[in-house]
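Heads up: the structure comes next, in structure tokens.
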Amino acid sequence: MIWTIISGLIVGALLGFVMQRTRFCLTGGFRDMYVQKSNKMFYALLIAITIQSIGLLILSAAGVYQLSYEAFPVVGTIIGSFVFGVGIILAGGCATGTWYRAGEGLIGSWIALFMYALSASATKFGFLKPVLDKINSKTVVSSSMTETTGIPFWVFVVVLAAVTLFFVNRSLSKKSAAVPQLKQRYTGIRHYLFEKRYHTFTAAVVIGLIALLAWPMSISTGRVGGLGITTPSAKLVQFITTGNVSLLDWGVFLVLGIVAGSYIAAKGSREFRWRLPDIKTIRNSVIGGVMMGFGASMAGGCSIGNGMVATATMSWQGWLSLVFMILGTWFMSYFVFVRPMQQFKKSAKTKAVAQTA
């Protein structure tokens, strides 16, 4: 149990620290693909997936871990991922993003996090489980891309690596506007840990390595799998309400470690402060948190569990979930960002015409 606690906290703290310091946000990345026509964060996600895939290929060849797959519900994955995508726009962060922003002191993230964990617990273990079971009993198919196509795992990894290199190279070759640099306050290791700004792709490489590290660390405790956020969040709620110690597995300490790592990073960079949200943000955090928990539970994973981990194992569920997760964020982004801007521009144009008449 001691190693379960230590290893889970270590991986979680590393993930929370890096995400907080690099502002690695998949919600913002998915949103910007539509709103700002910027794919940089999506390419960063591909980097993290690729690194993890290559690592899993090596671990599998070395006999450390053999990839295994379960059947998955197509309908449940599509509906759940879309609902999750809508929810993360309202909540202002995905499952992991909500955990690490809570470590920065954002009260809105704490509200979204509580509703997310509570909703996931209700869906996986509580009164919403019959709904989950009914929907997920439909169209259940194999999730293994290798099994259904006959194409070896390593071929998918090579193709993914080639596609990722192409997009990353194209992105890096584009000239970007210089970002103003603040005056350096720290020196030595403190500067590199708590002040220096890193490229999004650099952050993706580190996060990919942390995601890969999660596999042997988790397996060493008897939990077979990589990073996972939704089920551990639900189990944490179950433990708090029932006191059942058996629920405290590696994943629970992983998510607790994310908060701890983010807090350390935010304090060290002087970015931590308690921030109270307005009424609208509280409302959106509640609704978004509920949708996140329900959607991720139905889809079998969140933007990390499905979008980064399952995709790295070449699972149909992971890639299908990623597509509909992105579509969900685009759908909600239209109502939250695009339409209000269009209405503002239309109103400003009408006002300008009236003034010149």
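The values are calculated or read from the model by the stated rules, or taken from the named source; none is laboratory data. Computed from a predicted structure; not experimentally measured. Note that each Cβ is placed from the backbone with ideal geometry, even for glycine, and that neighbours are counted across all protein chains shown. Protein only, heavy atoms only, side chains kept; ligands, DNA and RNA dropped before computing areas. Shrake-Rupley method; radii C 1.70, N 1.55, O 1.52, S 1.80 Å.
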Output the number of residues of the stretch 121-144 satisfying the condition of being surrounded by 18 or more Cβ atoms within 10 Å (Cβ to Cβ) and assigned to a helix (DSSP H, G or I).
5
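On the given criteria, is Gly12 small (Gly, Ala, Ser) and over 22 Å from Trp330 (Cα atoms)?
Judged against the criteria, Gly12 is a match.
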Please verify whether Ala211 is of a type in the set (A, V, I, L, M, F, W, C), in contact with a Phe, Trp or Tyr (Cβ under 7 Å, 6 or more places away or on another chain) and crowded, with 22+ Cβ neighbours inside 10 Å, treating the condition exactly as stated.
no
Taking Cys302 as meeting all but one of (1) open to solvent by less than 20 Å² (accessible area, probe 1.4 Å); (2) in contact with a Phe, Trp or Tyr (Cβ under 7 Å, 6 or more places away or on another chain); (3) assigned to a helix (DSSP H, G or I), write down the number of the exception.
(3)
In the stretch 210-243, anything within 16 Å of the chain's Cα centre (by Cα), under 14 Å from Val309 (Cβ atoms) and part of a helix (DSSP H, G or I) is listed as Ile210, Ala211, Leu212, Ala214, Thr230, Thr231, Pro232
Mind checking which residues of the stretch 260-293 are surrounded by fewer than 24 Cβ atoms within 10 Å (Cβ to Cβ) and closer than 25 Å to Ser321 by Cβ?
Asn284, Val286, Ile287, Val290
Do the conditions hold for Leu14, that is, is it open to solvent by 10 Å² or more (accessible area, probe 1.4 Å) and either in contact (Cβ under 8 Å) with a residue 12 or more places away in the chain or among the acidic types (Asp, Glu) (or both)?
yes
Just the residues that are surrounded by fewer than 22 Cβ atoms within 10 Å (Cβ to Cβ) and touching a residue at least 40 places away in the same chain (Cβ under 8 Å), please, taken from the stretch 224-240.
Val224, Gly225, Leu236, Gln238
